[in-house]
């Protein structure tokens with residue numbers, strides 16, 4: 001049985017009932033379920049938590065992990081923080097952009113926590129370290 005968006009959001013909110021500070025976990029689950037947190041979903045969450053939509057939107061717009069519209073492309077996050085810059089990440093970007101060719105969404109992030117093993121990237125929950133140009137291109141080509 002396929003549930004409506006409202007039913008699914010209600011289920012997600014219920015999964016976090018009784019939790020202190022449930023908004024961020026709810027938003028992460030909604031983002032995972034729908035690929036975005038749009039205005040309609042913000043309103044549903046606000047009503048369920050008895051807070052204003054402005055409060056929900058403020059959190060959604062503050063964090064870069066939440067998107068207002070779904071993007072069906074796979075995402076590769078590339079660390080461009082100081083440690084990865086010192087290890088040459090900027091020289092890898094042209095090859096990365098060419099490999100992505102619009103099929104893969106490349107996102108700049110500032111620190112994946114692998115400062116001693118950069119340049120680094122992330123696809124989903126998987127981290128990739130000590131990347132050179134060929135390694136980053138391989139990560140992009142294998143992104144699903």
Inset, instruction - Determine whether residue 83 is over 13 Å from residue 139 (Cβ atoms) and touching a residue at least 40 places away in the same chain (Cβ under 8 Å). - result: no
Inset, instruction - For region 90-131, enumerate the residues that are touching a residue at least 24 places away in the same chain (Cβ under 8 Å), surrounded by 14 or more Cβ atoms within 10 Å (Cβ to Cβ) and over 21 Å from the mean Cα position of the chain (by Cα). - result: 92, 95
Inset, instruction - Give just the number: which of (1) at pLDDT below 95; (2) surrounded by 17 or more Cβ atoms within 10 Å (Cβ to Cβ) does residue 71 not satisfy? - result: (2)
Legend entry - Where residue 87 falls short, out of the listed (1) crowded, with 16+ Cβ neighbours inside 10 Å; (2) at pLDDT 95 or above; (3) closer than 30 Å to residue 8 by Cα: (3)
Legend entry - Residues satisfying the stated conditions in region 102-144, i.e. at pLDDT 95 or above and on the phi > 0 side of the Ramachandran plot: 130
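Can you find, within region 20-51, the residue that is farthest from the chain's Cα centre (by Cα) among those that are over 24 Å from residue 125 (Cα atoms) and assigned to a loop (DSSP other than H, G, I, E, B)?
The initial filter retains those residues of region 20-51 that are over 24 Å from residue 125 (Cα atoms), namely 20, 39-51.
Within this subset, residues satisfying the condition of being assigned to a loop (DSSP other than H, G, I, E, B) are 20, 50-51.
On the way: 20: 23, 50: 26, 51: 24 Å.
For region 20-51, the residue satisfying everything is 50.
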Legend entry - strands (runs of 3 or more DSSP E) lying entirely in region 52-144 (those with 1 or more residues that are under 30 Å from residue 5 (Cα atoms) and in contact with a strand residue (DSSP E or B) (Cβ under 9 Å, 6 or more places away or on another chain)): 75-79, 105-109, 121-123
Legend entry - Filtered residues of region 49-66 (kept if buried (at least 16 other Cβ atoms within 10 Å of the Cβ) and at pLDDT below 95): 66
Legend entry - Residue under evaluation residue 38, criteria (1) in contact with a helix residue (DSSP H, G or I) (Cβ under 8 Å, 6 or more places away or on another chain); (2) modelled with pLDDT of 95 or more, criterion not met: (1)
Legend entry - Failed item, numbered, when residue 113 is tested on (1) in contact with a helix residue (DSSP H, G or I) (Cβ under 9 Å, 6 or more places away or on another chain); (2) closer than 26 Å to residue 28 by Cβ: (1)
Legend entry - In region 2-28, the residues that are under 24 Å from residue 72 (Cβ atoms) and either surrounded by fewer than 18 Cβ atoms within 10 Å (Cβ to Cβ) or touching a strand residue (DSSP E or B) at 6+ places or on another chain (Cβ under 7 Å) (or both): 2, 3, 4, 5, 6, 7, 8, 11, 28
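The values are calculated or read from the model by the stated rules, or taken from the named source; none is laboratory data. Values in this document were obtained by computation on a predicted structure and should not be read as measured data. Counting neighbours? That spans all protein chains shown, and the Cβs are built from the backbone with ideal geometry, glycine included.
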